[in-house]
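The values are calculated or read from the model by the stated rules, or taken from the named source; none is laboratory data. Everything numeric in this text was worked out from a predicted model, so none of it was measured. Please note: Cβ atoms are built from the backbone with ideal geometry, for glycine as well, and neighbour counts cover all protein chains shown. Surface accessibility is based on the protein's heavy atoms, side chains included, excluding ligands, DNA and RNA. Shrake-Rupley method; radii C 1.70, N 1.55, O 1.52, S 1.80 Å.
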Amino acid sequence: MKKSLFIITGASKGIGKGLAEKALKEGAEVWGINRTHSIEHENYIALTYDLANIPNLLKELPQLFSKAIDYEKIVLINNAGTLGDIEHLGNIENDSIPHLFDLNVSAPLLLMNQFMKVFKDFKGEKIIINISSGAGKNAVDGWSGYCASKAALDMASKVAAKEAEMDGTGFIIKAIAPGVVDTEMQTQIRSTNEKSFSGVDKFKNLKAENQLSSEEEVAEKYFHFIDNLVKYPDVILDVRHV
């Protein structure tokens, strides 16, 4: 029997890649769900999907997890996401809004739903980790779509965790915020202007003062949570509270 399987969206870069590489170092098998792939490893399986293409995802979902057998632990990590346009409402390109919610909300919920359908009777550990954000709890000017989508994902996590407890299915569901990490999203934030996002100077200073966490550091903290979930009963968590 294989020990564990990690199914990670957005595993080609940023936090997702850090998590995938950490899982591989731990001896797990990793399925990366991305448009492109940057990891080459004997235990890495490349699943190529555009998660913002919901009609295509709906077609592929029934068989997506069908080969996940003979594991002791299966972990789904919904990491893929986008900040969208950093701009005040009224100045945002309309077509960017449904794209953001498809990737940040619809795709994770669809994957959660299918995961819970397929592994309802799975007897091993079955864990869902959604990548949360402090933006889901705070109104950040210029980030309306991102804030709203992360708030939606947090609430979906809470509801799913409540339902899993009520139904006795054994799923463990958490939404964990990573803090401020040195990723491409941070580069996008720093490239904006103060009129579009009033806090841009704060993020520039975080970079200049080396206050950003690395992908590897954050991955270590996520695995601390995954390995010690009984110590953390809350659904919404933050790596800075490790």
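GLU194 is checked against (1) open to solvent by 80 Å² or more (accessible area, probe 1.4 Å); (2) part of a helix (DSSP H, G or I); (3) of a type outside the set (Ser, Thr, Tyr) and fails just one. What number does that condition carry?
(2) is the only condition that GLU194 fails.
Out of (1) assigned to a helix (DSSP H, G or I); (2) more than 24 Å from ALA156 (Cβ to Cβ); (3) modelled with pLDDT of 95 or more, what's the single condition that is false for TYR222?
(2)
Which residue is most open to solvent (accessible area, probe 1.4 Å), if the candidates are limited to region 1-34 and must be more than 19 Å from ILE226 (Cα to Cα) and among the aliphatic types (A, V, I, L, M)?
Per the stated criteria, the residue is MET1.
Can you go through HIS37, HIS41, HIS99, HIS88 and tell me which one is assigned to a helix (DSSP H, G or I) and either open to solvent by 60 Å² or more (accessible area, probe 1.4 Å) or more than 22 Å from ALA160 (Cβ to Cβ) (or both)? Walk me through how you get there before you give the answer.
Working: HIS37 fails: assigned to a helix (DSSP H, G or I); HIS41 fails: assigned to a helix (DSSP H, G or I); HIS88 fails: assigned to a helix (DSSP H, G or I).
After ruling out the rest, the residue left standing is HIS99.
Is it the case that region 151-172 has a residue that's of a type in the set (Ser, Thr, Tyr) and not in a loop (DSSP other than H, G, I, E, B)?
We begin by selecting, within region 151-172, every residue of a type in the set (Ser, Thr, Tyr); these are 157, 169.
Filter again for not in a loop (DSSP other than H, G, I, E, B), leaving 157.
Scanning region 151-172, I find at least one residue that is of a type in the set (Ser, Thr, Tyr) and not in a loop (DSSP other than H, G, I, E, B), so the answer is yes.
For region 172-191, enumerate the residues that are in contact with a helix residue (DSSP H, G or I) (Cβ under 7 Å, 6 or more places away or on another chain), hydroxyl-bearing (Ser, Thr, Tyr) and open to solvent by 30 Å² or more (accessible area, probe 1.4 Å).
None - no residue of region 172-191 is in contact with a helix residue (DSSP H, G or I) (Cβ under 7 Å, 6 or more places away or on another chain), hydroxyl-bearing (Ser, Thr, Tyr) and open to solvent by 30 Å² or more (accessible area, probe 1.4 Å), so the list stays empty.
How do the pairs read when you match residues in region 207-226 that are open to solvent by 40 Å² or more (accessible area, probe 1.4 Å) with residues anywhere that are assigned to a loop (DSSP other than H, G, I, E, B), using Cβ under 6 Å and keeping only pairs 6 or more apart or on different chains?
Final answer for the pair search is LYS221/VAL242; HIS224/VAL242.
Among the listed residues SER149, SER157, SER106, which satisfies the condition of being at pLDDT 95 or above, under 19 Å from the mean Cα position of the chain (by Cα) and open to solvent by 20 Å² or more (accessible area, probe 1.4 Å)?
Numbers: SER149 fails: open to solvent by 20 Å² or more (accessible area, probe 1.4 Å); SER157 fails: open to solvent by 20 Å² or more (accessible area, probe 1.4 Å).
Within the list SER149, SER157, SER106, the selection yields SER106.
Could you grab the pairs with beta carbons closer than 8 Å, sequence gap of 6+ or different chains, first residue in region 79-91 and charged (D, E, K, R), second one outside any loop (DSSP other than H, G, I, E, B) and open to solvent by less than 70 Å² (accessible area, probe 1.4 Å)?
Listed pairs, sorted by first residue: ASP85/SER96; ASP85/GLY145.
Could you please find all residues in region 37-76 being out of contact with any strand residue (DSSP E or B) (no Cβ under 8 Å at 6 or more places or on another chain) and of a type in the set (Gly, Ala, Ser)?
Pass one, region 37-76, residues out of contact with any strand residue (DSSP E or B) (no Cβ under 8 Å at 6 or more places or on another chain): 38, 40, 42, 50, 52-63, 66-67, 69.
If the condition is that a residue be out of contact with any strand residue (DSSP E or B) (no Cβ under 8 Å at 6 or more places or on another chain) and of a type in the set (Gly, Ala, Ser), then SER38, ALA52, SER66 are the ones that fit.
Which of (1) open to solvent by 20 Å² or more (accessible area, probe 1.4 Å); (2) closer than 23 Å to TRP31 by Cα; (3) of a type outside the set (D, E, K, R); (4) not in a helix (DSSP H, G or I) does MET116 not meet, given it meets every other one?
The failed condition is (4).
Of all residues being small (Gly, Ala, Ser) and within 14 Å of GLY81 (Cα to Cα) in region 119-137, which is surrounded by the fewest Cβ atoms within 10 Å (Cβ to Cβ)? Just the residue, please.
Pass one, region 119-137, residues small (Gly, Ala, Ser): 124, 132-136.
From what's left, within 14 Å of GLY81 (Cα to Cα): 132-133, 135-136.
Working: SER132: 24, SER133: 26, ALA135: 17, GLY136: 20.
The extreme case among them is ALA135.
For the condition in a helix (DSSP H, G or I) and open to solvent by less than 60 Å² (accessible area, probe 1.4 Å), what is the one hit in LEU76, LEU57, LEU47? Walk me through how you get there before you give the answer.
Working: LEU76 fails: in a helix (DSSP H, G or I); LEU47 fails: in a helix (DSSP H, G or I).
Answer to the check: LEU57.
Do you know which residues across region 14-34 are farther than 18 Å from GLU220 by Cβ and either small (Gly, Ala, Ser) or within 15 Å of the chain's Cα centre (by Cα) (or both)?
Applying the first criterion (farther than 18 Å from GLU220 by Cβ) to region 14-34 yields 29, 31-34.
Within region 14-34, TRP31, GLY32, ILE33, ASN34 qualify.
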